[in-house]
Amino acid sequence: MTPAFRQGFFMHFADANEYVCAIQELYRSRNNFTMSQFTNHNFSGQKALVRVDFNVPLDKATQAITDDTRMRAAIPTLQKILHDGGSVILMSHLGRPKDGPEAKYSLKHLVEHLHALLGGNTPVFFADDCVGDQAYMTAGMLKGGEVLLLENLRFYKEEEKGDKAFAEKLSKLGDVYINDAFGTAHRAHASTAVIADYFPAGKKMFGLLMEGEVKAANKVLKEAQSPFTAIIGGAKVSDKILILENLLDRATDIIIGGGMAYTFIKAAGGKIGNSLCEDDRLDTAAAIIKMAEEKGVCIHLPSDSVIADKFDANAETSGAPSDHIPDGWMGLDIGANACDQFSKVISQSKTILWNGPMGVFEFDKFQHGTKCIAIAVANATQNGAFSLVGGGDSVAAVNKFGFEEKVSYVSTGGGAMLEFFEGKSLPGIAAIAD
């Protein structure tokens, strides 16, 4: 379920059974979804303690939410519980507070918008702590159909430490625990993993968002149809080494773009001018190219680049082969030939994973390559491919260019999705799945 679709979907259903049936049908059609513990569970009369990822960006001056994607992503899960007649107690972190409570990181800034996202008629209360007397008292008084948002979990250092005593305190707030925060599933924090120990089987489960994320990721990692193309971009090879190595055993084609491409091009003997390069990763890049050849995986590097005389939105630009960039110039986007080259590979794919932009798409002069890839992925999806887009910059790109509804799944997880595709076990998933 992509972000824009989530926003208005739930508001069309007044009857609980009609809503749940629609949710089930939606996930069947989008993710080959089958009945799950969550959709089978009746929350009537129960207090559902839900870990969400409401770590949304706020305007520094006004504290207004500038991107509510993560909040909208959780709405179907919350609506299912509320329609059943249950109450919802929400836990989340926001930002990186260092020494206890900080006003700018308070979740109270989200209350009004959450109320609007829930349709404007659902009572939404706020507790100025996530444990303690007020939190327990307010949670205890909640009635079916009501929501309580707890204060920022990271105001307590015990959260990130995975403190068992803190996790137990949180667990006392609800009758059933639901993890719907894929974006934090790679962290073994008190509210994302440890807390599950205090709920018996049948009283801990994934929410609809988490189910969708895991289903989509597994469809790519374990059930991919061939040809399987992985599009990996971004600045640094060092950030993507593990995912590249893991994909060598799964993908048929790997497209490499963004700043990291120039480390590979230099490792292959190319001249890259002043382009970004991790010289300490040249041997790693060469080894990945060699492993790909041995495994029969095609590595696609950009044949040409849009180059600039400086890293600036208003820089002078030109074009050059990616392996013959003049001194004093740097590659900031893939060129027209590379767009055609990559688009052809994508058009022939049955499974597509996209993580990372092709250039500095934040600057208008260097956004064409990333937009070109977004169009190619959307077209391939329309022709029957399964496409998963994940990672903050990739998601920002598809949202910016209006393609979030034209791909199969847009992941809400950045680091979590990356670690999933690196083959790591995510604590937030293992705590419930094991």
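Within the stretch 115-135, track down each residue that is surrounded by 17 or more Cβ atoms within 10 Å (Cβ to Cβ) and aliphatic (A, V, I, L, M).
Those that are surrounded by 17 or more Cβ atoms within 10 Å (Cβ to Cβ) and aliphatic (A, V, I, L, M): Leu117, Leu118, Val124, Ala127, Val131, Ala135.
Looking for something touching a residue at least 24 places away in the same chain (Cβ under 8 Å), buried (at least 24 other Cβ atoms within 10 Å of the Cβ), closer than 26 Å to Gln37 by Cα and assigned by TED's automatic domain parsing to the domain that holds His109 - is there at least one such residue anywhere in the stretch 164-171?
yes
Condition check ((1) closer than 21 Å to Phe38 by Cβ; (2) in contact with a Lys or Arg (Cβ under 9 Å, 6 or more places away or on another chain); (3) in a helix (DSSP H, G or I)) across all residues:
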residue	(1), (2), (3)
Pro76	yes, yes, yes
Leu82	yes, no, yes
His115	no, no, yes
Thr138	no, no, yes
Lys143	no, no, no
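Results for (1) of a type in the set (Asp, Glu); (2) closer than 23 Å to Met417 by Cα; (3) touching a residue at least 24 places away in the same chain (Cβ under 8 Å), shown as yes or no for each residue.
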residue: Val297; (1), (2), (3): no, yes, yes
residue: Ala313; (1), (2), (3): no, no, yes
residue: Asp323; (1), (2), (3): yes, no, yes
residue: Gln341; (1), (2), (3): no, no, yes
residue: Gly356; (1), (2), (3): no, yes, yes
residue: Val360; (1), (2), (3): no, yes, yes
residue: Ile375; (1), (2), (3): no, yes, yes
residue: Val389; (1), (2), (3): no, yes, yes
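With respect to the numbered conditions (1) surrounded by fewer than 16 Cβ atoms within 10 Å (Cβ to Cβ); (2) out of contact with any helix residue (DSSP H, G or I) (no Cβ under 7 Å at 6 or more places or on another chain); (3) at negative phi; (4) modelled with pLDDT of 95 or more, which one is the sole condition not fulfilled by Lys424?
Going through the list (1) surrounded by fewer than 16 Cβ atoms within 10 Å (Cβ to Cβ); (2) out of contact with any helix residue (DSSP H, G or I) (no Cβ under 7 Å at 6 or more places or on another chain); (3) at negative phi; (4) modelled with pLDDT of 95 or more, Lys424 breaks only (4).
I'd like to verify a number: residues in the stretch 338-364 that are more than 17 Å from Gly258 (Cβ to Cβ) and not charged (D, E, K, R), how many?
Count: 4.
Any chance you could count how many residues in the stretch 293-346 are over 22 Å from Ile232 (Cβ atoms) and among the small types (Gly, Ala, Ser)?
The number of residues fulfilling the criteria is 7.
What number of residues within the stretch 84-109 satisfy the criterion of being assigned to a helix (DSSP H, G or I) and either among the hydroxyl-bearing types (Ser, Thr, Tyr) or surrounded by fewer than 24 Cβ atoms within 10 Å (Cβ to Cβ) (or both)?
So the count comes out to 6.
Would you pick out the residues in the stretch 122-157 that are within 25 Å of the chain's Cα centre (by Cα) and among the acidic types (Asp, Glu)?
Residue satisfying the conditions is Glu151 alone.
For the stretch 210-222, indicate whether the set of residues that are at pLDDT 95 or above and crowded, with 24+ Cβ neighbours inside 10 Å is non-empty.
The answer is no, given that none of the residues of the stretch 210-222 is at pLDDT 95 or above and crowded, with 24+ Cβ neighbours inside 10 Å.
Going by the conditions given, is Ile232 surrounded by 20 or more Cβ atoms within 10 Å (Cβ to Cβ), in the same structural domain as Gly391 (by TED's automatic domain parsing) and not small (Gly, Ala, Ser)?
yes
Identify all residues within the stretch 174-192 that are of a type in the set (A, V, I, L, M) and surrounded by fewer than 24 Cβ atoms within 10 Å (Cβ to Cβ); write none if there are none.
Residues satisfying the conditions are Val176, Ala188.
Hey, could you check the stretch 362-375 for residues that are surrounded by fewer than 24 Cβ atoms within 10 Å (Cβ to Cβ) and either within 20 Å of the chain's Cα centre (by Cα) or of a type in the set (A, V, I, L, M) (or both) and say which is farthest from Gly319 (Cα to Cα)?
Within the stretch 362-375, the match that is farthest from Gly319 (Cα to Cα) is Ile375.
Restricting to the stretch 150-181, what's the tally of residues that are under 23 Å from Pro76 (Cα atoms) and of a type outside the set (A, V, I, L, M, F, W, C)?
Residues that pass the stated criteria total 8.
Looking only at the stretch 197-215, which residues are under 11 Å from Leu49 (Cβ atoms) and touching a helix residue (DSSP H, G or I) at 6+ places or on another chain (Cβ under 6 Å)?
Matches in the stretch 197-215: Tyr198, Lys204.
Residues of the stretch 296-328 being within 16 Å of Asp253 (Cβ to Cβ) and loosely packed, with under 12 Cβ neighbours inside 10 Å, which ones?
Gly296
Could you please give the count of residues in the stretch 235-261 that are basic (Lys, Arg) and surrounded by fewer than 24 Cβ atoms within 10 Å (Cβ to Cβ)?
Total meeting the criteria: 2.
The values are calculated or read from the model by the stated rules, or taken from the named source; none is laboratory data. The structure presented is a predicted model; accordingly, all values stated were derived computationally and were not measured. Note: ideal-geometry Cβ built from the backbone for every residue, glycine included; neighbour counts use all protein chains shown.
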